[in-house]
Amino acid sequence: MPLPSPDLRLHRTERLRLDAPGPEDLEPLHEIYADPRVWTHYPSQRFTDPAQTAAMLDRFRGSWQCAGLGPWIVRRRDADPADPSTVLGNGGCDLRGPEPDGLFWNLGYRLTPSVRGRGLAGELARAAVDAARALRPELPVIAFLLEENRASRRVAEKTGLSLRYRAPDAGNPDPQAMRLVLADRELTPAQLAAALH
């Protein structure tokens, strides 16, 4: 895996073009976040209003501005970034916890269902973890997921994360849902508390 480029806003992997988000990404990303197939494990979280996607993109841009890293917009490596139909989703690491220093990197991604099963989520996750470790190696990388989402757990584990916490998923309409926190190291009580809120 190549080392992250000095300007992480324009990053490439073997098969993926990873770019910091821009305003042109709102519509194609909203299509993905509004797709019920994307929310199989948590249907109540599906986006129903483009304003939800706009607010998420604002958070992404804030992470890029404050931490020099945030979730990327994902396309195939040879895709035309001017063509909105080439957006496959988003993913990466963003800094969480009190600003400006943060307490941990949060690894997350969401890709269109048409590209599942091709290893792209793993390729994206490895690039994100490598970038986070290059920027702030003293901070843990954490992934949150529901226990039933086995595919996401496999992706997180392949990047070196392991289970650090398991408990009922507070606020989930499914009372049986269990929340997992995976991390690349042991977490301090403050890091775990921040991760759960």
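The values are calculated or read from the model by the stated rules, or taken from the named source; none is laboratory data. Everything numeric here is computed off the predicted structure, so don't read it as measured data. Here the Cβ positions follow ideal geometry from the backbone for every residue, glycine too, while neighbour counts run over all protein chains shown.
For segment 157-182, residues that are over 29 Å from Arg126 (Cβ atoms) and of a type in the set (Gly, Ala, Ser) total 2. Among the residues of segment 88-108, those that are surrounded by 16 or more Cβ atoms within 10 Å (Cβ to Cβ) and either modelled with pLDDT under 95 or touching a Ser or Thr at 6+ places or on another chain (Cβ under 8 Å) (or both) comprise Leu88, Gly89, Asp94, Leu95, Arg96, Gly97, Gly102, Leu103, Leu107.
When you look at Leu145, is it in contact with a Ser or Thr (Cβ under 6 Å, 6 or more places away or on another chain) and at pLDDT 90 or above, yes or no? Considered against the rule, which asks whether it is in contact with a Ser or Thr (Cβ under 6 Å, 6 or more places away or on another chain) and at pLDDT 90 or above, Leu145 comes out as yes. Restricting segment 10-24 to residues that are assigned to a strand (DSSP E or B) and touching a residue at least 40 places away in the same chain (Cβ under 8 Å), the residue that is nearest to Ala131 (Cα to Cα) is His11. Annotation for segment 40-57: at least one member residue is closer than 29 Å to Asn172 by Cβ and acidic (Asp, Glu).
Given the structure, is Asp7 farther than 28 Å from Pro100 by Cβ, exposed (fewer than 15 other Cβ atoms within 10 Å of the Cβ) and without any contact (Cβ under 8 Å) to a residue 12 or more places away in the chain? Break it down stepwise before answering.
On the way: farther than 28 Å from Pro100 by Cβ: no; exposed (fewer than 15 other Cβ atoms within 10 Å of the Cβ): yes; without any contact (Cβ under 8 Å) to a residue 12 or more places away in the chain: yes.
Taking the combined requirement at face value, the residue does not satisfy it.
I'm trying to understand the selection: among the residues of segment 112-135, which are of a type in the set (D, E, K, R) and in contact (Cβ under 8 Å) with a residue 60 or more places away in the chain? Answer for segment 112-135, where residues must be of a type in the set (D, E, K, R) and in contact (Cβ under 8 Å) with a residue 60 or more places away in the chain: Glu123, Arg126, Asp130.
Of all residues in segment 25-79, which are among the small types (Gly, Ala, Ser), part of a helix (DSSP H, G or I) and in contact (Cβ under 8 Å) with a residue 12 or more places away in the chain? Passing the criteria: Ser44, Ala54, Ser63, Ala67. Scanning segment 109-118 for residues that are surrounded by fewer than 20 Cβ atoms within 10 Å (Cβ to Cβ) and under 15 Å from the mean Cα position of the chain (by Cα) yields Arg110, Leu111, Thr112. For segment 157-197, the tally of residues that are closer than 18 Å to Tyr42 by Cα and surrounded by 15 or more Cβ atoms within 10 Å (Cβ to Cβ) stands at 6. Quick one: would you say Ser85 is closer than 15 Å to Arg17 by Cα, at pLDDT below 95 and in a helix (DSSP H, G or I)? For Ser85, the condition - closer than 15 Å to Arg17 by Cα, at pLDDT below 95 and in a helix (DSSP H, G or I) - is met.
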